[in-house]
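Below is one structure, written out as structure tokens, with a few remarks after it.
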Amino acid sequence: MNKITLVAFLLVISLTIMAQDDYLPLIEEGKEWYYDMSFEHFDTETSVDVVDSVSHNKFFIEGDTLIDGVTWKKMYKFEEIHVDKTGYMDIHDSHTTEYNWKGFWGAVREENMRVYYRPYYDMDTILLMYMFDINPGDNMDYYNNYGPYEYGYISLPPLNSKELMSVNEFERNIYSFVWETNNETEIEIWIEGIGCSIGLWPREKIEAIGPGPGHPSLIYMREHFVSCYLNDELLATREQLTDIYNHVMASGISSAVISKTYDGNIYDLQGRRLKAEPERGLYIKDGKKRVKK
């Protein structure tokens, strides 16, 4: 190896180390993501979603676990439930109007700017959640475990843009994926050290529960990101991530949009494929929530 080649090699190595030193990790002890969780039903007369009750919950990282000789961080979910007599709890024949619950949600690990997840329901499976080492033009497949459709590995379009933005005085890389579905622009945004523009998990979670007293329609659960903290230090709020989302949408990136097509399959709100459209209630087709009265 000549001197010029050696100098170039050492320069690349040093720049790589500097970039990783500046990187703000997603998975850290004491990191918390807060959500409001609403229980809603679709009003067939007005064709709008009606909120029946709201609870508060958070995902948080606490402690380590050793799996196959590798250290993982333990993730938990905490729920603080408050409901009325027509809400979710009545579906389960309970007279309790509030309760607290904490449960193990799986193991998470971050290595070389990539985030992996072992879900509580299948700890033998390792799922790729984020690739923060991705650059514009690169493709990736990641596992979407939060629905409401396309469960399993998803092929995102090439990364459209990557730019530094200040969030609570920290400079963080903002990653933007943009595509077009049925002549509508869709976008997914990742924020270094935070997750995505709707919180920890890519995609919004919508989970069907079932009809309840006074509600012949389907009742479903929806989670709304509120804030992210690290050891009581506020890292981001929903309003800040919404501002980032709006900035990306307004930055003239529509020219980079690529088409994304759907296969016409039909799913329930838990992501399970159906053989045919249901006779009534909510379902997902072509990435859209639909209803039959």
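Given the conditions (1) at pLDDT below 95; (2) within 25 Å of ASP124 (Cβ to Cβ), which single one is not true for SER55?
Every condition holds for SER55 apart from (2).
Within the set of pairs 6 or more residues apart or between chains, which connect a residue that is of a type in the set (Asp, Glu) inside the stretch 102-113 to a residue that is not in a strand (DSSP E or B) with Cβ atoms less than 9 Å apart?
Partner pairs satisfying both residue conditions: GLU110/PRO25; GLU110/LEU26; GLU110/ILE27; GLU110/GLU28; GLU110/PHE132.
Which condition number in (1) modelled with pLDDT of 70 or more; (2) more than 18 Å from GLU171 (Cβ to Cβ); (3) under 13 Å from the mean Cα position of the chain (by Cα) is the one that ILE191 fails?
Of everything listed in (1) modelled with pLDDT of 70 or more; (2) more than 18 Å from GLU171 (Cβ to Cβ); (3) under 13 Å from the mean Cα position of the chain (by Cα), ILE191 misses just condition (2).
Hey, can you tell me all the residues within the stretch 99-124 that are in contact with a strand residue (DSSP E or B) (Cβ under 6 Å, 6 or more places away or on another chain) and of a type in the set (Ser, Thr, Tyr)?
TYR99, TYR116, TYR117, TYR120
Mind listing whichever residues of the stretch 86-112 are modelled with pLDDT under 95 and in contact with a Pro (Cβ under 9 Å, 6 or more places away or on another chain)?
Passing the criteria: THR86, ASP90, ILE91, TRP105, GLY106.
Mind listing whichever residues of the stretch 30-67 are of a type in the set (Asp, Glu) and more than 11 Å from TYR229 (Cα to Cα)?
Step one: of the stretch 30-67, the residues of a type in the set (Asp, Glu) are 32, 36, 40, 43, 45, 49, 52, 62, 64.
Within the stretch 30-67, ASP36, GLU40, ASP43, GLU45, ASP49, ASP52, GLU62, ASP64 meet the criteria.
Criterion first (closer than 23 Å to SER197 by Cα, part of a loop (DSSP other than H, G, I, E, B) and modelled with pLDDT under 90) does SER255 satisfy it?
So SER255 does not fit the description; no.
The values are calculated or read from the model by the stated rules, or taken from the named source; none is laboratory data. None of the values given here were measured: they were computed from a predicted structure. Every residue, glycine among them, receives a Cβ derived from its backbone with ideal geometry; neighbour counts consider all protein chains shown.
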